[in-house]
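What follows draws every value from the coordinates through simple rules; no lab data is involved. Quantities reported herein were computed from a predicted structural model and do not represent experimental measurements. Virtual Cβ from ideal backbone geometry, glycine too; neighbours counted across all protein chains shown.
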Amino acid sequence: MSAFIAMAWNGFREARRNRVTVLVGAFALLLLFATTLVTEVTVSTFDRVVTDFGLGVMSLLLVFLSIYLSSGLISREIERRTIFLMVSKPMSRTRFLLARLAGNMLTLGVLLLAMTLLFWVELVLHRSPITQPQLAALWGLYLELFVLTCAGFLMSTFASQLVSALVTTGLYFAGHLCSDIYNLGVKSKVELVQWVSKATYYSLPNLERLNFRPRATYAIDVTAAELGTATLYALGWGVFFCVLASIVFERRDFR
Amino acid sequence: MTATPALSLPVSIRGLSKTYRVGFFLNKHVKALQGLDLEIAPGQVYGLLGPNGAGKSTTIKILMGLVRASEGQALLFGEPPDRPHVRRQVGFLPENPSLYEYLTGREFVTLAGRIFGMSGHDLDQRVERVLGEVGMGKASDLQIRRYSKGMVQRTALAQALISGPRLLVLDEPTSGLDPLGRRQMRDLILAERKKGTTILFCTHIISDVESLCDRVVVLVGGRRVQEGSVQELVSAKAPSVEMVVHGLPLEQLQSLGFTYEQAQQLDSRVLLRVPDAESHSLLQAVINKGGRVSRVQPARFSLEDLFLDAMKQAGDQMVGGEIQ
């Protein structure tokens, strides 16, 4: 097992031992509660409401977890000085950073998979269909988690966990609102507002491009081209954040 | 540096300096190290001695790639320390080591072995052996969060030994340990020395240096103030003599005009310490004044005296580096 895989696997083990899997249990309970409620109050829109709720809760829990994990992973290592023993080993700093990122994505991937299985079991039990847009929405969610994790990682290479978490949370909301911010600028007559809104739009990842949940709710198919573009878009932002994180991390002194 | 790594010195430092930028606007500069030169030969146990803030840990952190030097060069086996094949030959125990608390001791040491590129049965055997060597064989399956400080220290030493390093870098390995823990740690270091491992070892505990090190460098305020073998440094100091005088008060003895290194009233006696060159004249003077000398013996000059002398000589420098 190479050093990279060992470190990545260790990241997953850390999350598991810190009981993040509790989230899957929370998701199961929320889903059970929601479906019980939905069967009581809906007549013909059960599939739509359960899909919307299931994907929404999954997204909320995993986004929260990805921000928490990514913002603390490197900064906690620095604060607790565990970094001394890792960075001094025969592994470059960038490799260490990427291994930690891979461990985080593995954790989020496993949790997403577990929640997806629960979600599907729920759908099957209620004889609701598993659709292509649902799969696309799940992939989009994983891409969104990837972008947020990379952003959190970048922040945590030079800021405390609190600051990293706040900035990454801000990025999450701004990323979902940046189309609206752009449109606001277009409608404004003030040149400064137009300029700021455009700058905001182009300097932030547009997370709505990765959000296929509304289409899953209304069972509107997502084309392969759309998925491919979204994947490339997320990878582009992820790589950009990782390169910045690597530059910062490589130059840091660990006193 | 063109020397073949195998023939190169385990540690070679030339003109090494480090300035930290501190303060809210990073506009203050702290000189943690100033032009340090150092060479460690294979198989030596080399002590970095100095008060807090002398630059010992900074030197070690530069060697381990944790901190970048501002000026100068630090080489391990003739090559820059950030090269992976160089680091494979080095084991590192930082000051107050912090390990992944969610792992067991065995898992942590295994993880360290995997980062060193080890795997399979060889790794399992090696983990078992080093955990046994540091006395952690039985407790190795407990989570590290349940360990005492001494157990953490020993597990950290086990991970430093996992790759069978040619150079072992230890930052304050005995600090915070109880007397038994310190003794065990010293024994482990001595065992590594017997195997021929080069050891760079940083401490402010002088007795550890005296009992373990072949050579010592004394750092004060980021500068080297003394360097040599423990024997050389101690014997280079002019010898002195201790005398116990009866029948003469301290004030009268002080008025005789001798250079006392120590003069202390002890009940009816006075303990004096004078340079060897003056001892004969002092003896004569005491007898002439009607005093009686009950004991004359050469004073043992210790590394502690040397350390305190070095501190005095460098007294104009700030402990913790110079702030500008």
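Ranking A:Val124, B:Gly78, B:Gln264 by Cα position along the charge dipole of the protein assembly as shown, where only Lys, Arg, Asp and Glu carry charges on their C-beta atoms, puts A:Val124 farthest toward the positive end. Computed from backbone phi, the HN-Hα couplings of the stretch B:82-87 come to 7, 6, x, 5, 6, 5 Hz, rounded to whole numbers (Karplus: 6.51 cos²θ - 1.76 cosθ + 1.60, θ = phi - 60°; Gly and Pro given as x). Amide H contacts for B:Gly50 (H built 1.01 Å from N in the peptide plane; partners 5 or more residues away or on another chain; cut-off under 5 Å): B:Thr203, B:Leu219. For the stretch A:82-191, the list of trypsin sites (Lys or Arg not before Pro) that fall in a loop by DSSP and count at most 12 other C-beta atoms within 10 angstrom reads A:Arg127, A:Lys189.
Given R0 = 35 Å, the distance between the Cβ atoms of A:Leu166 and B:Ser119 translates into a calculated FRET efficiency of 0.30. In this simple spin-label approximation, B:Ala277 and A:Ala219 carry label points 7 Å from Cα along the Cα→Cβ vector, and these lie 10.6 nm apart.
Spin-label model, A:Phe173 to A:Phe33: label points 7 Å out along the Cα-to-beta-carbon direction sit 2.3 nm apart. Three principal axis extents of the stretch B:57-213 based on alpha-carbon atoms, in descending order, are 45, 38, 29 Å. Under 5 Å between amide hydrogens, built in the peptide plane, is the criterion, and for B:Ser240 it picks out B:Asp276, B:Ala299 among residues at least 5 positions away or on other chains. Only one residue of B:Thr174, B:Asn27, B:Gly135 has its Cα farthest out toward the positive end of the dipole of chain B, where Lys and Arg carry +1 and Asp and Glu -1 on Cβ, and that residue is B:Gly135.
Assign unit charges at the C-beta atoms only (+1 for Lys and Arg, -1 for Asp and Glu), then state the dipole size of the protein assembly as shown relative to its Cα centre in Debye, rounded to the nearest 20. Numbers along the way, then the final one.
On the way: 60 positive and 49 negative charges, 58 e Å.
About 280 debye.
Rounded to the nearest Hz, the phi-derived 3J(HN,Hα) couplings of the stretch A:234-246 under the Karplus curve 6.51 cos²θ - 1.76 cosθ + 1.60 (θ = phi - 60°) are 5, 4, x, 5, x, 5, 4, 5, 5, 5, 4, 4, 5, where x marks glycine and proline. Can you return the aspartates and glutamates within cross-link range of B:Lys18? Criterion is Cα-Cα under 14 Å, with same-chain partners fewer than 8 residues away left out. The reachable aspartates and glutamates, counting only those whose Cα sits under 14 Å from B:Lys18, are A:Asp253, B:Asp37, B:Glu71, B:Glu322.
Can you tell me, using C-alpha contacts under 8 Å and at least 6 residues apart, the relative contact order of the stretch B:238-299 as a whole percent?
Working: 113 pairs, mean separation 31.2, N = 62.
Rounded, it is 50 percent for the stretch B:238-299.
When only Cα pairs under 8 Å and 6 or more residues apart are kept, what is the percent relative contact order across chain B? Over chain B, the number comes to 22 percent.
Provide A:Trp139, A:Trp237 in ascending order of the number of other Cβ atoms located within 10 Å of each residue's Cβ, fewest first. Display every interim value, and only then the final one.
On the way: A:Trp139 18, A:Trp237 23.
Ranking A:Trp139, A:Trp237 by Cβ neighbours within 10 Å, fewest first, gives A:Trp139, A:Trp237.
What you get for chain B, charging only the Cβ of Lys and Arg (+1) and of Asp and Glu (-1), is a dipole of about 580 debye around the Cα centre. Based on Cα contacts under 8 Å between residues 6+ apart, the stretch A:3-251 shows a relative contact order of 28 percent. Taking all Cα-Cα distances within the protein assembly as shown, those exceeding 36 Å account for 52%. Remark on chain B: hydrodynamic radius 22.3 angstrom, per the Kirkwood mean of 1/r across alpha carbon pairs.
Mind putting together the pair-distance distribution for the stretch A:3-251? All Cα pairs, 5 Å bins, whole percent per bin, short to long. Whole-percent P(r) values from 0 Å outward: 1, 6, 12, 16, 17, 15, 13, 9, 6, 4, 1, 0, 0. On a straight-distance basis, which lysines could pair with B:Lys195 in a cross-link, Cα separation under 26 angstrom, same-chain partners fewer than 8 positions away excluded? Straight-distance partners of B:Lys195: A:Lys89, B:Lys56, B:Lys61, B:Lys138. What residues qualify as long-range amide H neighbours of B:Leu177, i.e. H under 5 Å apart, gap of 5 or more or another chain, H built at 1.01 Å from N? Long-range HN contacts for B:Leu177: none found. Here, the stretch B:238-299 is characterised by an Rg to Rh ratio of 0.90, where Rg is the alpha-carbon radius of gyration and Rh the Kirkwood radius. The Rg/Rh ratio for the stretch B:143-190 is 0.96, where Rg is the radius of gyration of the alpha carbons and Rh is the Kirkwood radius.
Rounded to whole numbers, the Karplus 3J(HN,Hα) couplings from phi for the stretch A:65-82 are 5, 5, 5, 4, 5, 5, 6, x, 5, 7, 5, 5, 4, 6, 5, 7, 6, 5 Hz, using 6.51 cos²θ - 1.76 cosθ + 1.60 with θ = phi - 60°, and x at Gly and Pro.
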